[in-house]
């Protein structure tokens, strides 16, 4: 490339960053969706993943024959998906079917306290990578609210098709992989500004209260996430307490009667305790996403707390209030009570726990019991 061509490219990049400062992290807009879908359908890894899931035990030759057929089917099926709203409706249809086959029903609490015309920053406990934000969106949609933009770590976007899927579904990227103080501060500044920009433009946000799932059942808010919210506030010279009230933060408690990934979580916690560390396999997070979606969940409850309007002068104080509401609103099921020592539950609950424990090595069993018992202790401690 000539020097003139390189200079023009540099100018184009600079102009894009000026006109669209969040292009690296934001979800797709309406006009970008058709091209993104074309890229996704043309991605062989994406098609192979579908075939691996649908035709897992079939011979390789059948998968090769099926590949162009799947591409043609998806092109036809997704031809009408040309807007963010159309994508959300398609996701809702998929959730309807998924929850019908993998749960015993979902209940929602607290949505009557929220204004459908107001944007909120929803901060929830984190038990499942994909289902947590999906359930928040599901409840909002069913009750006449706009769906949220979803924060997702770039550690989950190791494949181009994963990035396409997430950005199609209103997800924005949290750059956890940023290296060095300068790059990290830039990433935090952009993320904080994007969250405030979204809220100011009428788009609600979902973000987990912590980095990574609460595999031990202990839901607590990391103050570092709340500090990140205020990066944009500091830039505007607004005090933490005043800025937080502008964000309209709503704590959300998500409770699963059965965690589809509980055995894997218990094994991981035991490995960390005995070996000092745990090395994930390359696509372990993707496997957790799939298992969380297709695995049995029992009953599910999503409780929306009160908008935080009090003065909190520090991230630590705000984190305590988030935790208080999340623990108070957490729906306890009989399996939680049994794990915490209540023997008065039905025999089928005891049998279910015994079945789970029998599938684990002896050393991992206390971690599974604790994951169901800890929410009981947290609620009693309020």
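Read-outs: derived from the displayed coordinates by stated rules, not from any lab. Fair warning: this is a prediction, and the values are worked out from it, not measured in the lab. Quick reminder, even Gly has a Cβ in these numbers, built from the backbone with ideal geometry, and neighbours come from all protein chains shown.
According to the square roots a ≥ b ≥ c of the eigenvalues of the Cα gyration tensor, what is the shape class of the range 14-110, taking rounded for a/c under 1.5, prolate for a/b larger than b/c otherwise, and oblate for the remainder? It comes out oblate by the Cα gyration axes. This ranking places 190, 107 by how few other beta-carbon atoms lie within 10 Å of each, fewest first, which gives 107, 190.
Fully extending the segment from residue 60 to residue 29 would add 7.4 nm, taking 0.36 nm per residue of separation and subtracting the current Cα-Cα distance.
Pair-distance distribution of the range 271-368: all C-alpha pairs, bin width 10 Å, starting at 0; shares per bin in whole percent are 11, 25, 33, 25, 5. Look at the alpha carbon pairs under 8 Å that are at least 6 residues apart: their mean separation over the length of the chain gives a relative contact order of 20 percent. Divide the volume of the convex hull around the Cα atoms of the range 301-352 by the residue count and you get 99 Å³ per residue.
For the pair residue 86 and residue 106, a Förster radius of 30 Å applied to the C-beta separation gives a FRET efficiency near 0.80, rounded to the nearest 0.05. Gain on full extension, evaluated as 0.36 nm per residue between residue 314 and residue 242 minus their Cα-Cα distance, stands at 24.8 nm.
Quick one: Debye curve from the alpha-carbon atoms of the range 193-339 only, equal weights, vacuum; give me log10 I(q)/I(0) at q = 0.16, 0.20, 0.21 Å⁻¹ to two decimals. So the normalised log intensities work out to -1.01, -1.26, -1.31. Convert 4 °C to kelvin, take the viscosity as 1.567 mPa s, use the Kirkwood radius over C-alpha pairs of the chain as Rh, and evaluate the Stokes-Einstein diffusion coefficient in µm²/s, rounded to a whole number. D, rounded to a whole number, is 57 µm²/s. Using the Cβ-Cβ distance between residue 280 and residue 72 with R0 = 25 Å, the FRET efficiency computed as 1/(1 + (r/R0)^6) comes to roughly 0.10. Note on the range 83-380: antiparallel DSSP beta bridges, both residues inside, total approximately 20 percent of the bridges counted.
Packing here is the average count of other Cβ atoms within 10 Å per residue, and on that basis the peptides 56-64, 172-180, 232-240, 246-254, highest first, run 246-254, 172-180, 232-240, 56-64.
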